[in-house]
Amino acid sequence: MQVLILAKSGPESEAASESPAQAPDPDAFAAYVRFSKELVDAGVLLAEGRLLPTSNAARVQFEGATRTVTDGPFTEAKELVGGYWLWQVRSLDEAVEWLKRAPFEGGDFEIRQVMEMPAP
């Protein structure tokens, strides 16, 4: 099964993405790279990425035939996604175990199973 791990964004991560001066700690980044390599070596990691701040984003709201576009930045940062992983695992429990090994000292992550759609 595939799962999507969503890394929640906060005001500090939005600001860090805006400024190169807010580069990650070298030791923390090295630990992240080692963890990512473990995921690749185990055949778990399919894709990953960090999202640019919402100042580079837009939202499109659908209501009947009406489409409303709102440009970022968005203020409700606690509901934003700052990054993601796409993993191939055998179960939700396996995904939880992998995520618990991630070298983070803070953060809020959500694991969601990807729904398999029937072929058209």
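The values are calculated or read from the model by the stated rules, or taken from the named source; none is laboratory data. Please read all numbers here as calculations on a predicted model, not as lab measurements. Using ideal geometry, Cβ is built from the backbone for each residue, glycine included, and neighbour counts are taken over all protein chains shown.
Yes or no, residue by residue, for (1) under 13 Å from residue 5 (Cα atoms); (2) of a type in the set (A, V, I, L, M, F, W, C); (3) not in a strand (DSSP E or B):
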site: 24; (1), (2), (3): no, no, yes
site: 31; (1), (2), (3): no, yes, yes
site: 34; (1), (2), (3): no, no, yes
site: 40; (1), (2), (3): no, yes, yes
site: 62; (1), (2), (3): no, yes, no
site: 70; (1), (2), (3): no, no, no
site: 73; (1), (2), (3): no, no, yes
site: 86; (1), (2), (3): yes, yes, no
site: 115; (1), (2), (3): no, yes, yes
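Filtering the range 105-117 to residues that are modelled with pLDDT of 90 or more and either closer than 26 Å to residue 25 by Cα or surrounded by 10 or more Cβ atoms within 10 Å (Cβ to Cβ) (or both) leaves 108, 109, 110, 111, 112, 113, 114.
Conditions (1) exposed (fewer than 13 other Cβ atoms within 10 Å of the Cβ); (2) touching a strand residue (DSSP E or B) at 6+ places or on another chain (Cβ under 8 Å), marked per residue:
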residue: 60; (1), (2): yes, yes
residue: 87; (1), (2): no, yes
residue: 93; (1), (2): yes, no
residue: 119; (1), (2): yes, no
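Of the residues making up the range 35-94, those that are in contact with a Pro (Cβ under 8 Å, 6 or more places away or on another chain) and touching a residue at least 24 places away in the same chain (Cβ under 8 Å) are 35, 53, 54, 55, 73, 77.
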